[in-house]
1. Out of the residues in region B:346-364 that are among the hydrophobic types (A, V, I, L, M, F, W, C) and farther than 25 Å from B:Ser211 by Cα, state the one that is surrounded by the most Cβ atoms within 10 Å (Cβ to Cβ).
2. Has region B:153-163 got any residue that is in the same structural domain as B:Val71 (by TED's automatic domain parsing) and farther than 17 Å from B:Ala187 by Cα?
3. Count, please, the residues in region A:187-211 that happen to be outside any loop (DSSP other than H, G, I, E, B) and touching a Cys at 6+ places or on another chain (Cβ under 9 Å).
4. Can you tell me how many residues in region B:336-389 are more than 30 Å from B:Ile115 (Cβ to Cβ) and more than 11 Å from every other protein chain (Cβ to nearest Cβ)?
5. Of the numbered conditions (1) farther than 19 Å from B:Thr190 by Cα; (2) of a type in the set (Asp, Glu); (3) touching a strand residue (DSSP E or B) at 6+ places or on another chain (Cβ under 8 Å); (4) within 11 Å of chain A (Cβ to nearest Cβ), B:Glu302 fails exactly one; give the number of that condition.
6. Being surrounded by fewer than 24 Cβ atoms within 10 Å (Cβ to Cβ), in the same structural domain as B:Ala40 (by TED's automatic domain parsing), of a type outside the set (A, V, I, L, M) and at pLDDT below 95 narrows it down to one residue among B:Gly301, B:Gly256, B:Gly280; which is it?
7. Go through region A:157-176 and report how many residues are touching a strand residue (DSSP E or B) at 6+ places or on another chain (Cβ under 7 Å) and part of a loop (DSSP other than H, G, I, E, B).
8. Considering only region A:29-54, state which residues are touching a residue at least 40 places away in the same chain (Cβ under 8 Å) and away from chain B (no Cβ under 14 Å).
Protein chains: 2
Amino acid sequence: MSITTPKGFVASGLASGIKASGALDLVLLATDDGAAVPSAATFTTNLAAAPPVRVSRRHIAETGGLASGVVVSSGNANAATGARGRADAEAMCSLVAGALGVPDQQILVCSTGLIGIPLPMEPIERGIPALVAARSGAYEQAVDAATGILTTDSGRKEELVEHPTFTVAGMAKGAGMLAPNMATMLAFLTTDAAIEPGPLADLLRIAVRDSFNSMTVDGCTSTNDTVILMASGRAGTADPNVVVEAVTEVCAGLAGQMVADAEGASKIVHVRVTGARSDGEAHQGARKVADSLLVKCSLNGEDAYWGRVASDLGSAGIEFDMDKLTIAYGGVTVCRDGIAADHDEGAVAEHMAGSMIDIHCQLGLADGNGVVMGVDLGYGYIDENRTTS
Amino acid sequence: MSITTPKGFVASGLASGIKASGALDLVLLATDDGAAVPSAATFTTNLAAAPPVRVSRRHIAETGGLASGVVVSSGNANAATGARGRADAEAMCSLVAGALGVPDQQILVCSTGLIGIPLPMEPIERGIPALVAARSGAYEQAVDAATGILTTDSGRKEELVEHPTFTVAGMAKGAGMLAPNMATMLAFLTTDAAIEPGPLADLLRIAVRDSFNSMTVDGCTSTNDTVILMASGRAGTADPNVVVEAVTEVCAGLAGQMVADAEGASKIVHVRVTGARSDGEAHQGARKVADSLLVKCSLNGEDAYWGRVASDLGSAGIEFDMDKLTIAYGGVTVCRDGIAADHDEGAVAEHMAGSMIDIHCQLGLADGNGVVMGVDLGYGYIDENRTTS
């Protein structure tokens, strides 16, 4: 199983020399015949978006949601690099497009790594012809691609969902705590289902909302976050309502791999808020709790201090009534009607000692639901993030 | 110098038994003759506001901004305690009011400590008569008061500003990192300037905005935060425009003491944003940077990684143009027009090695300015916050 399992895609990866370590750092994912296929992308909302994000956003707008491929470099984010950075991102697309014999606009570009350092273009210019020549649908090249997008990830992140009539595959790198100097999250998805650009963009938005956007490691939004989904159509027409489930499953799997790989974290938490005024408010409340330094420290210490959860919900900017609040850890209610509830302390202690913590907050107001996945805060996060060296 | 230096105030503090340690835990601040004087208060915006906050808010509304005194307990926050908590907070006011011979509404109440545990009323009921009897304008009683409001603070926090015609004094406890289980910030201010309730409330809002509300330790908003300012009028009429400066100076001094006392923190940072679309947006941007886990870790590691600052500003929800951004650490410009600027690296390293870090972000858009004071993130914060024991 790999990113080229869905029919119609090829991939490759090589070590161009961006990374001093000599690791793989240049990746291509493309259609096997160079054809531009329906492609959708979601990008960081950060207004300090890096040049490759700006270039990819423009290209996909100009083609109306079609792409022949995406080129990815790792080790340098090409972020905070100004006009030179934009020219460099354009040049990466142009070199790949030339080698494939397609218009520049049909190539998307992503970079991940350190911010504020101009991209070393010499190794990239030298590497791209070989990268394009090496492209293949073989497993080995797909492994190189899934490896070449990584920075300090502990291993490849791949997912595959096979439906009777079509297939969806994905590969990804990152998440904040992992390698916060290179904090970018990148994910690339392929499917052989045939879907038009418009519905494809809609279903990617839904899948991202219910996976990557429901995950938080440190509340920081990278300058380079990008998710790209390409649909070759080789498996024939598919109902977007069916495809969205498969794409969401792949995205959720990749998101789970990212959180599980977060260095310095010892616990994963699912914060579930129900009974909110709306789904949006439930999500906002869950995110506030999952991002709370005090809650994250409590998780690290295996302390079910629900007062902090209540305090975060009360300051989350959502409708809230303390007297209607119920909080449960691992299914054990510790707070009911806004005050302490008698409960089985041994059962809660046992749950807190595990590596997967579940916090359920019932606001008792209406029917809004939301879940956000997060992690605890321990020494490891600080160790990883103190310096860039 | 003490909270009773301004003419017309008395104070007292005693160990009632709320704190198992036997430390001072019950405090009174009142007018020397029981008269209700113009008093203003600002409270936490947390919708999970604790019962004492709700009771004080109602009392000050009912009197139209007049109070004879405030009673404070420490060691238990009386938060997330429901109807019983509200009755307990009412009872504290009522007991003090009875002993002073004034209506209940003229007494305000604050509590600070652990959340979710009912207040032990027996020691409080036993202690209040002695507390009221001990009230005095003497220095010793003021020291007991300033001590009795503390939880795990390393020492008393007091400020005094003497103007030729009037005096403003303050005492405070807390700040998130200090004792995050008891994360409340409380501050009590007295002045002998004569000011009506309306202008007094206005000037307190301004002073709090420019001091306590421009400080962040961990981005968490407590359930109990309260600032109360009482004006005895004994020094005669004063121009509110002059008083606001003195009150702001006292508040800023107390805020500085809180940040300096933040356990686990080794650096204080002033994040200054200029050139924003408005003062509000400048403040919002500065707060995003000061609250950023990645920036806080960089400060701990003495790493001037400005890319993270740019990324936080870009995701702060304010108007932002990367190409116009300038960032300076300790006055040394490291980023100009959104890209790396050649600079004296030794000078930046020297600045980062100090205990007071200055980050100045010029957005280049308009004239909005704002400053937020924060701290770094180190092991100490986690040690303090892992468990409540």
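1. Within region B:346-364, the first condition is being among the hydrophobic types (A, V, I, L, M, F, W, C), and the residues that meet it are B:347-349, B:352-353, B:356-357, B:359, B:361, B:363.
Of the ones still in play, those that are also farther than 25 Å from B:Ser211 by Cα are B:347-349, B:353.
Values: B:Ala347: 13, B:Val348: 21, B:Ala349: 15, B:Ala353: 10.
Only one residue fits best here, namely B:Val348.
2. Yes, region B:153-163 has at least one match.
3. Residues in region A:187-211 being outside any loop (DSSP other than H, G, I, E, B) and touching a Cys at 6+ places or on another chain (Cβ under 9 Å): 6 in total.
4. 28
5. (3)
6. B:Gly256
7. Residues that pass the stated criteria total 2.
8. Hits for region A:29-54 are A:Leu29, A:Ala30, A:Thr31, A:Asp32, A:Gly34, A:Ala36, A:Val37, A:Pro38, A:Ser39, A:Ala40, A:Ala41, A:Thr42.
The values are calculated or read from the model by the stated rules, or taken from the named source; none is laboratory data. Predicted model, so just to flag it, every value in this text is computed and none were measured. So basically every Cβ, Gly included, is an ideal-geometry build from the backbone, and we count neighbours across all protein chains shown.
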